[in-house]
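Inspection log for the structure reproduced underneath, given as structure tokens.
Where a number appears in this text, it was derived from the coordinates with a stated rule and is not lab data. Computed from a predicted structure; not experimentally measured. Here Cβ is always computed from backbone atoms with ideal geometry, including for glycine, and neighbour counts include all displayed protein chains.
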Amino acid sequence: MTERHLRRRAVEEITGLSRSTIYDLMGKGQFPRPVKLTGKAVGWPESAVSDWLNSRTTA
């Protein structure tokens, strides 16, 4: 089964974070980085976002 990748807006909706907060956390190494899907498009692996969310609920 292939990994589903989420675009930024979907990540914002799922996490409740704004665009700037997502990129700020990525810069601090506290949020998963996206992978390149095409020349210009990126997406976050759904499992990485899910794992991040699960780690937040136990913190």
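Between residue 17 and residue 50, the simple label model (points 7 Å from Cα in the Cβ direction) yields a spacing of 1.8 nm.
Counting Lys and Arg as +1 and Asp and Glu as -1, what is the net charge of the other residues whose Cβ lies under 11 Å from the Cβ of residue 32? It works out to a net charge of -1.
Write out the trypsin sites (Lys or Arg not before Pro) in the stretch 1-57 meeting two conditions: DSSP loop, and at most 16 other Cβ atoms within 10 Å of their Cβ. Present the calculation step by step, with values, prior to reporting the outcome.
Details: sites: 4, 7, 8, 9, 19, 28, 36, 40, 56; in loops: 4, 7, 28, 40.
Loop-located and lightly packed - 4, 7, 28, 40.
Applying both filters, DSSP loop and at most 11 other Cβ atoms within 10 Å, to the GluC sites (Glu not before Pro) of the chain gives 3.
If I take every Cα pair under 8 Å that is 6 or more residues apart in the chain, average their sequence separation and divide by the length, what percent do I get for the relative contact order?
Details: 47 pairs, mean separation 22.7, N = 59.
Normalised by residue count, the contact order of the chain is 39 percent.
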